[in-house]
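S.K.: Below are the structure tokens for one structure; questions will follow.
Every number in this text was worked out from the coordinates using simple rules, so none of it is lab data. This structure is a prediction, so every number in the text was calculated from the model and none was measured. Using ideal geometry, Cβ is built from the backbone for each residue, glycine included, and neighbour counts are taken over all protein chains shown.
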Amino acid sequence: GAVVSQHPSWVICKSGTSVKIECRSLDFQATTMFWYRQFPKQSLMLMATSNEGSKATYEQGVEKDKFLINHASLTLSTLTVTSAHPEDSSFYICSAPGYSTNEKLFFGSGTQLSVL
Amino acid sequence: GQQVMQIPQYQHVQEGEDFTTYCNSSTTLSNIQWYKQRPGGHPVFLIQLVKSGEVKKQKRLTFQFGEAKKNSSLHITATQTTDVGTYFCAGNTGGFKTIFGAGTRLFVKA
């Protein structure tokens, strides 16, 4: 089946620094990828939809200048948390639909971000 | 906006007991998907339901999609300790966007 690779798996950074998270589709092309945020014991909250070759679509309440998304190729999307603060500490996870709309989602393994 | 409600939030069962989680959408769905997330892991796709009134089975798991395509359920017969995790329903209204329910955490006591 389709594989989505995400790294790093975990990152610890100082407050004020920026962190980049990469999400790659390994054996298929993903024109669309989704970025979710998950707090402990809570559901996945959709942050933004990453579109290859165009601007990302952000959900209401998500700061686009804070969470920069770049989808430069059909297999790579990146999320950069800029000027990270402790409240940004969370589990970030990307996903891509298999082959078409309404398709099941293939998830990356997630990135646990801890901001000190 | 679209909302997907899921209950219960958590459930403790004795191994061998049955378990059911329910999902309800505020809008009609084009499909509903179910995922399982083990502690510390990422969600893993279980199944997708598309047709009104659809029922699908995977061994001890039975999935149902309501006639109005607004609700769904997952039933596990005779739970095992390996069933431990959080079960999420996820609704799709026709585009790429998938909205997740809050999830039901299942605890199974041996």
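S.K.: Using DSSP, restrict attention to beta bridges with both residues in segment B:1-108 and report what percent are antiparallel, rounded to the nearest 5.
M.R.: Antiparallel: roughly 90 percent of the beta bridges in segment B:1-108.
S.K.: Post the alpha-carbon centroid distance, segment A:16-70 to segment B:60-110, in whole angstrom.
M.R.: When both Cα centres are located, 24 Å separates them.
S.K.: With +1 on the Cβ of every Lys and Arg and -1 on the Cβ of every Asp and Glu, and nothing else charged, how large is the dipole of chain A about its Cα centre, in debye rounded to the nearest 20?
M.R.: Details: 9 positive and 9 negative charges, 29 e Å.
Using only the charged Cβ atoms, the result is roughly 140 debye.
S.K.: Also: So if I take the alpha carbon set of the protein assembly as shown, get Rg, then get Rh from the Kirkwood formula, what is the Rg over Rh ratio?
M.R.: Reported Rg/Rh (Cα atoms, Kirkwood Rh): 0.98.
S.K.: Run the quick spin-label model on A:LEU116 and A:LEU26: label points 7 Å from Cα toward the beta carbon, then report their separation in nm to one decimal.
M.R.: About 3.2 nm separates the two model spin labels.
S.K.: Here is a further query. Too long at a 22 Å Cα-Cα cut-off: which of A:LYS55/B:LYS51; A:LYS64/B:LYS69; A:LYS104/B:LYS56?
M.R.: Working: A:LYS55/B:LYS51 34 Å; A:LYS64/B:LYS69 33 Å; A:LYS104/B:LYS56 16 Å.
Among A:LYS55/B:LYS51; A:LYS64/B:LYS69; A:LYS104/B:LYS56, the Cα-Cα distance tops 22 Å for A:LYS55/B:LYS51; A:LYS64/B:LYS69.
S.K.: In chain A, what is the volume of the convex hull around the alpha carbon atoms, normalised per residue and reported in Å³? List each step's numbers first, then the result.
M.R.: Numbers: hull volume 11.4 nm³, N = 116.
Dividing the Cα hull volume of chain A by its residues yields 99 Å³.
S.K.: May I ask you to list the residues of segment B:21-57 whose amide nitrogen lies under 19 Å from a point 7 Å from Cα along the Cα→beta-carbon direction of B:ALA78?
M.R.: Counting only backbone N, you get B:57.
S.K.: Magnitude of the Cβ-charge dipole of segment B:1-100, K/R +1 and D/E -1, about the Cα centre, nearest 20 debye?
M.R.: Magnitude of the dipole: close to 340 debye.
S.K.: Looking only at Cβ-Cβ distances, which cysteines of the protein assembly as shown have no other cysteine closer than 4.7 Å?
M.R.: Result for the protein assembly as shown is A:CYS13, no neighbouring Cys Cβ within the cutoff.
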